[in-house]
1. Quick one: Karplus J couplings for the range 64-69, per residue in order, coefficients 6.51, -1.76, 1.60, θ = phi - 60°, nearest Hz, x for Gly and Pro?
2. Using unit Cβ charges (K, R positive; D, E negative) and no other charged atoms, how large, in debye to the nearest 20, is the dipole of the chain about its Cα centre?
3. On a straight-distance basis, which aspartates and glutamates could pair with Lys287 in a cross-link, Cα separation under 12 angstrom, same-chain partners fewer than 8 positions away excluded?
4. By its C-alpha gyration tensor, with a ≥ b ≥ c as the square roots of the eigenvalues, how is the range 143-276 shaped: rounded for a/c under 1.5, else prolate for a/b larger than b/c, else oblate?
5. Using a cut-off of 12 Å between alpha-carbon atoms, which aspartates and glutamates can reach Lys349, once sequence neighbours fewer than 8 places away in the same chain are excluded?
6. Rounded to the nearest angstrom and ordered from largest down, what semi-axes does the equivalent ellipsoid of the range 109-188 get from its C-alpha gyration tensor (root of 5λ)?
7. How large is ³J(HN,Hα) for each residue in the range 243-253, as worked out from phi by the Karplus curve 6.51 cos²θ - 1.76 cosθ + 1.60 (θ = phi - 60°), to whole Hz, x for Gly and Pro?
8. Around Tyr219, which amide H atoms from residues at least 5 apart in sequence, or from another chain, sit under 5 Å from its own amide H, with H modelled in the peptide plane?
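Values in this text are rule-based calculations from the coordinates and carry no lab data. Small disclaimer: the values here were computed from a predicted structure and weren't measured. Neighbour counts run over all protein chains shown; Cβ positions are idealised from the backbone, glycine included.
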Amino acid sequence: MFNTRKYRSAPWRFMKVLSVSLLLFCSLAGLFAMPQQETPENSDSFVVTDMRGRSVSVPGEINGIVAIGAGSLRLLSYLDSTDKIIAVEDSGHGREKTVHNFFSLATYRLAFPGLRELPSIGSGENHEGIIAAAPDIIISSAVDVGQIDQLQNILGIPVFAVNVDVEFFDTELFYNQLEILGRLLDKEDRAQELVEGIKAIMKDFETRAEGIEETKRAYAGGMMYYGPADLLRTTGDYLPFDLTGTENIMPTNPAGNLQPYMTSLEDLIAAAPDYAFIDAANVNLSKAGFMTNRNVLEEQVPAFTNGEVYTTFVYKYYGTNWENQLINVYYIGTVLYPQLYSDIAINDKAEEIWNLFFGVSLNYNSVIDMQKAGPGRVDWFN
């Protein structure tokens, strides 16, 4: 704080002379006209509440974005905002330094392959790289509010937090996030178009599920979550089962986070599913796991005994492929309840949903070629 006692003790005459001198200096320097304080009427920024409950002052016009963390760039791709991305991380954006080629496992990269060619910031921890890119705003999927606040303070750049853990189990939260991002990015019409499209799909699922006469029992395996795994990585919270009215024979993650986890061969045998659906992300590892335990699986697990094992589009890679979740609902519906989904041609439906989410055309067969597998019965029993 200033020492106000010192200034109060100064003679009035001295202060007057000093004030006149300062005014003369400012006039001569052309600095006398002081800038106006920012007000809501003339401000070029506004305050928005992000998905972690933080109040963030953001620019009124955003032209440059850096998205860090799993799922953040995917959300921007949904909102027709990839043209605002000025730099990307290596991890998760197709430039990982790894022997695995994971680029195609996130469908938004197939829709916008040019993202791979953008300048790199290295990682979200590379503060110098982010500052050098000079974004107007950072979109982060970090969960820890303290970490987000610290990043914003260090960089001096607004950080808007998104919630990439939200699934279509909570559609209102998902819609709300799209609408907030729409306002933030001046893409409100696009956000509304996407919300209305998803609502129509959800209503379609609900109508079809009402016609189920016999509930089927199924297993989801081969999930990608923090790295590859075989068919024993499962999930007890699998949206395509819930929305088709199917019984998921596995329990929710014991950690309570609704994420995929490793089960055991013994638990799979005990659960005895009639159908199994294997994620395309790990179809090769899952096949290897099946071959290792083929005899016991074919003898003791009905899905494998009867050859009722199918692959689906990639559910998770660097966050959830939300668009693929919906496609998988339709596909699983055609397998388990063909009478209720007899009007669905999965290739046409997939292209329709990709177009809804990305606003660009993707070819069904090309996506399958790049992701190495897609909807279909496995060839493991030949």
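1. After applying 6.51 cos²θ - 1.76 cosθ + 1.60, I find x, 10, 10, 9, 10, x Hz.
2. Once rounded to the nearest 20, the dipole reads 1900 debye.
3. Result set, ordered by chain and number: Asp230, Asp279, Asp379.
4. Cα axes put the range 143-276 in the oblate bin.
5. Partners within reach: Glu323.
6. So the equivalent ellipsoid measures 23, 18, 13 Å along its semi-axes.
7. Coupling constants for the range 243-253: 7, 9, x, 9, 7, 7, 7, 9, x, 5, 4 Hz.
8. Residues meeting the amide H criterion: Tyr275, Ala276, Phe277.
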